[in-house]
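See below for the structure under consideration.
The values are calculated or read from the model by the stated rules, or taken from the named source; none is laboratory data. All of these numbers come straight from a predicted model, not from anything done at the bench. Please note: Cβ atoms are built from the backbone with ideal geometry, for glycine as well, and neighbour counts cover all protein chains shown.
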Amino acid sequence: MIDHVSLKVRDLAASKKFYAAALAPLGYVVMMEYPGAIGLGADGKPDFWLSVTATPTPTHLAFAAKGRDVVNAFHDAALAAGGKDNGKSGLRPEYHPNYYGAFILDPDGHNIEAVTHTPG
């Protein structure tokens, strides 16, 4: 089981604003802030961290969503927060019949996904 993950970003303030909005449909909020780092979480502790670097390496992260409506809300919120569409909400049967996800590129080009594996 993964306890937490850290994503390297160029502009911490811009990424904080983006992720606070984009992950709100998943229940995420900013929980901790330190110089050069911010922790977001949804279940009482930060499990997703942002930290500053001069040269972030593009990464793919997928967040679990409780249903297709939450995947759709993530995609809409991330676009409204300035993300770039990298795959609209929808079924991805090439992964498996109930794989429903949406993909966004964040301000640093990270491929961020919300996904559910439950039918309908």
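Within the range 66-120, restricting attention to residues that are more than 13 Å from the chain's Cα centre (by Cα), surrounded by 13 or more Cβ atoms within 10 Å (Cβ to Cβ) and among the aromatic types (Phe, Trp, Tyr), the residue that is farthest from Lys16 (Cα to Cα) is Tyr99. Is it fair to say Ala54 is assigned to a loop (DSSP other than H, G, I, E, B) and of a type in the set (A, V, I, L, M)? In short, yes.
Total residues in the range 3-19 satisfying the condition of being touching a residue at least 40 places away in the same chain (Cβ under 8 Å), among the aliphatic types (A, V, I, L, M) and within 16 Å of Asp108 (Cα to Cα): the figure is 4. Return yes when Asn111 is at pLDDT 95 or above, among the polar types (S, T, N, Q) and more than 20 Å from Leu12 (Cα to Cα) and no when it is not. No, not satisfied.
Results for (1) under 19 Å from Phe103 (Cα atoms); (2) at pLDDT 95 or above; (3) in contact with a Leu (Cβ under 7 Å, 6 or more places away or on another chain), shown as yes or no for each residue.
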site: Lys8; (1), (2), (3): yes, yes, no
site: Ala21; (1), (2), (3): yes, yes, no
site: Pro25; (1), (2), (3): yes, yes, no
site: Val30; (1), (2), (3): no, yes, yes
site: Lys45; (1), (2), (3): no, yes, no
site: Ala64; (1), (2), (3): yes, yes, no
site: Gly67; (1), (2), (3): yes, yes, no
site: Asn72; (1), (2), (3): yes, yes, no
site: Leu79; (1), (2), (3): yes, yes, no
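Among residues of the range 39-54 being of a type in the set (A, V, I, L, M, F, W, C) and in contact (Cβ under 8 Å) with a residue 24 or more places away in the chain, the one that is surrounded by the most Cβ atoms within 10 Å (Cβ to Cβ) is Leu50. Given the criteria over 23 Å from Ser6 (Cα atoms), touching a Leu at 6+ places or on another chain (Cβ under 7 Å) and modelled with pLDDT of 95 or more, does Tyr95 qualify? Considered against the rule, which asks whether it is over 23 Å from Ser6 (Cα atoms), touching a Leu at 6+ places or on another chain (Cβ under 7 Å) and modelled with pLDDT of 95 or more, Tyr95 comes out as no. Annotation: Thr57 fulfils all but one of (1) of a type in the set (S, T, N, Q); (2) surrounded by fewer than 12 Cβ atoms within 10 Å (Cβ to Cβ); (3) in contact with a Ser or Thr (Cβ under 9 Å, 6 or more places away or on another chain); the unmet one is (3). Within the range 81-103, none of the residues are of a type in the set (D, E, K, R) and in contact (Cβ under 8 Å) with a residue 24 or more places away in the chain.
Across the range 10-38, the qualifying residues are those that are under 13 Å from the mean Cα position of the chain (by Cα) and buried (at least 19 other Cβ atoms within 10 Å of the Cβ), and the one among them that is farthest from Val71 (Cα to Cα) is Ser15. In this structure, is Ala37 farther than 21 Å from Asn72 by Cα and modelled with pLDDT of 95 or more? Yes; evaluated as a whole, the condition is true for this residue.
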